[in-house]
Amino acid sequence: MDRFTIEGGVALSGSVRVSGSKNSVLALMASSLLTEDRMVFANAPRLRDVETMIEILEGLGVRAGWESGDEVCVESGEPTRIDAPYDLVRTMRASFMVLGPLLARCGHARVSLPGGCAIGARPVDQHLKGLAALGAKIELSNGYVEARAPRLRGASFAFDLSTVNGTQNVLMAACLADGTSVLENAAIEPEVGELVAVLQAMGAQIEGAGTRTLTVRGVSRLSGVRHFVSGDRIEAGTLLVAAGITGGEVAVSGVEPSDLTAQLAELRGAGFQIAVEEDRISIAPGAELRPLNLETAIHPGLPTDMQAQMMALLTQAEGRSQISEKIFENRFMHVPELLRMNADIHIDGTTAIIEGPRRLAGAPVMATDLRASACLVLAGLAASGETRVRRVYHIDRGYERIEQKLQSLGARIRREQE
Ligand code: EPZ
């Protein structure tokens, strides 16, 4: 296993380009099952999760892999298998998104229930209710979902709550259903918008892009397309916070600034100078780092995937901040590790109260999940002395060569074999 060793105290400076969006490319790779044609995704990030999705697709008898530096290709042809096994799905719950497209294409799919993960129970009831509304016969047995439908039929369905992957799973299935579907209370995260755009390019008939009501007129087949994956809005936010927590001046490029509206508003509220131009966002210190009262929300609110990173930053604010986690039930596991670095944080239910400013002290810390590990790296960049972050395989799931990106900005961080 690898670890990062970080010598804190360097104000980052320079410019860095983010990689393609993890959460977009995973859904887009699943959508490749909707056509027998070849799909090419340029600007795909080299992440463990992308490798896992390639394995899942290959397990279905689909050709998938890297074609050149940053292009992932998927050529479904006729999938020869219809099951996604537990030992892969449990390592990456986004695999569950092959269920809808596989069912729509083959009339039968058997996918392991993803189970919970470090941040919560992560149920998939909305995915299943939506597919059942489209006429799928759903059976749960031995930890697997078995779904059958000779032909899905269009239907109206309202999600009980906003779910990103649930919206994507049901939307993909509806594209090949017989008739029209109306999906209400759909998620509007940028990753949903990007999937809608790619499905439309493939020939899907979808109206209501960007709204919570998607109307889909089913078609009999879809064509393969080439798509340039958008920049990762969470990696961009993480790199901006890396600059902010070290008092540096950094420009982050390769991302759509309108995908970070809430994040940039909060950074401005904390006192940072933020400049936006085309696909480039610059951050510089303000007169002071002001405390904030934050709560995570569905889009266009503050993304839950930025909660841990903002908490690290607010340990440096002049006063009391608080962050309420409204999306997942157990997403404060970075707090005990921050306390070991001399942060002053206490939890009151789903709200963390952060007293600042606190001089963070380097320490050996353990990563528990993707965004918690990013938070610990950020804290290490600001801490005095040395921080060792163990189990960085968590971070490698969602950040491509993060230590190289940070090194290019002047950070003293190195990857070591444990
Ligand atoms: C996506 O997960 C992202 N993952 C998550 O990013 C992100 O945190 C999350 O959306 C919220 O924005 C990918 O896109 C691969 P949800 P998803 O369904 O779709 C509940 C990261 O760090 N729910 O929008 O699984 C659920 O428990 C990851 O990159 C149900 O109750 O999240 C949660 O409380 C972490 N029933 C809430 O909805 C369901 O059927 C939102 O979850 C589905 C979800």
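The values are calculated or read from the model by the stated rules, or taken from the named source; none is laboratory data. This one's a predicted model, so the numbers in the text were calculated from it and none came from an experiment. Positions of Cβ are backbone-derived with ideal geometry, glycine not excepted, and every protein chain shown enters the neighbour counts. Keep in mind that these areas ignore ligands, DNA and RNA; they rest on the heavy atoms of the full protein, side chains included. Shrake-Rupley method; radii C 1.70, N 1.55, O 1.52, S 1.80 Å.
For the reader, a short list of remarks on this structure follows.
- Residue that is nearest to Leu239 (Cα to Cα), among those in the stretch 305-352 that are among the hydroxyl-bearing types (Ser, Thr, Tyr) and out of contact with any helix residue (DSSP H, G or I) (no Cβ under 8 Å at 6 or more places or on another chain): Ser324
- Of all residues in the stretch 116-135, those satisfying the criterion of being farther than 23 Å from Arg217 by Cα and either surrounded by fewer than 19 Cβ atoms within 10 Å (Cβ to Cβ) or more than 8 Å from the ligand (Cβ to nearest atom) (or both) are Gly116, Cys117, Ala118, Gly120, Ala121, Arg122, Pro123, Asp125.
- Matching residues, the stretch 13-45, being basic (Lys, Arg) and either in a helix (DSSP H, G or I) or within 16 Å of the ligand (Cβ to nearest atom) (or both): Lys22
- Residue ID - nearest to Val192 (Cα to Cα), chosen from residues in the stretch 287-305 that are more than 16 Å from the ligand (Cβ to nearest atom) and open to solvent by less than 30 Å² (accessible area, probe 1.4 Å): Leu292
- Within the stretch 136-153, the residues that satisfy the criterion of being more than 12 Å from the ligand (Cβ to nearest atom) and either free of Cβ contacts under 8 Å to residues at least 24 places away in the same chain or surrounded by 19 or more Cβ atoms within 10 Å (Cβ to Cβ) (or both) are Ala136, Lys137, Ile138, Glu139, Ser141, Asn142, Ala147, Ala149, Leu152.
- The condition of being open to solvent by 10 Å² or more (accessible area, probe 1.4 Å), in contact with a Ser or Thr (Cβ under 9 Å, 6 or more places away or on another chain) and either within 16 Å of the ligand (Cβ to nearest atom) or in a loop (DSSP other than H, G, I, E, B) (or both) does not hold for Thr80.
- Residue in the stretch 181-201 that is in contact with a helix residue (DSSP H, G or I) (Cβ under 6 Å, 6 or more places away or on another chain), hydroxyl-bearing (Ser, Thr, Tyr) and modelled with pLDDT of 95 or more present: yes
- Among the residues of the stretch 56-65, just one is touching a helix residue (DSSP H, G or I) at 6+ places or on another chain (Cβ under 6 Å) and within 16 Å of the ligand (Cβ to nearest atom), namely Ile56.
Let's see how each residue does on (1) farther than 25 Å from Thr304 by Cα; (2) open to solvent by 20 Å² or more (accessible area, probe 1.4 Å); (3) among the β-branched types (Val, Ile, Thr); (4) in contact (Cβ under 8 Å) with a residue 40 or more places away in the chain:
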residue: Leu378; (1), (2), (3), (4): no, no, no, yes
residue: Ala382; (1), (2), (3), (4): no, yes, no, yes
residue: Arg390; (1), (2), (3), (4): no, yes, no, yes
residue: Arg401; (1), (2), (3), (4): no, yes, no, yes
residue: Ser408; (1), (2), (3), (4): yes, yes, no, yes
residue: Ala411; (1), (2), (3), (4): yes, no, no, yes
residue: Glu418; (1), (2), (3), (4): yes, yes, no, yes
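- Annotation for the stretch 165-182: at least one member residue is over 17 Å from Val98 (Cα atoms) and surrounded by 20 or more Cβ atoms within 10 Å (Cβ to Cβ).
- Matching residues, the stretch 95-115, being within 9 Å of the ligand (Cβ to nearest atom) and either open to solvent by 10 Å² or more (accessible area, probe 1.4 Å) or in a loop (DSSP other than H, G, I, E, B) (or both): Pro114
- Of the set (1) of a type outside the set (A, V, I, L, M, F, W, C); (2) modelled with pLDDT of 95 or more; (3) within 16 Å of the ligand (Cβ to nearest atom), all apply to Asn330 but (2).
- Qualifying residue in the stretch 236-254 (condition: away from the ligand (no atom under 15 Å from the Cβ), surrounded by fewer than 22 Cβ atoms within 10 Å (Cβ to Cβ), under 17 Å from the mean Cα position of the chain (by Cα) and not aliphatic (A, V, I, L, M)): yes
- Per-region count, the stretch 43-76, residues within 24 Å of Ser253 (Cα to Cα), under 18 Å from the mean Cα position of the chain (by Cα), of a type outside the set (D, E, K, R) and open to solvent by 10 Å² or more (accessible area, probe 1.4 Å): 1
- Flag for Ile206 being buried (at least 16 other Cβ atoms within 10 Å of the Cβ) and over 24 Å from Glu75 (Cβ atoms): no
- Residue within the stretch 130-149 that is outside any strand (DSSP E or B) and at pLDDT below 95 present: yes
- Qualifying residues in the stretch 333-350 (those that are within 16 Å of the ligand (Cβ to nearest atom) and in contact (Cβ under 8 Å) with a residue 24 or more places away in the chain) - the one least open to solvent (accessible area, probe 1.4 Å): His334
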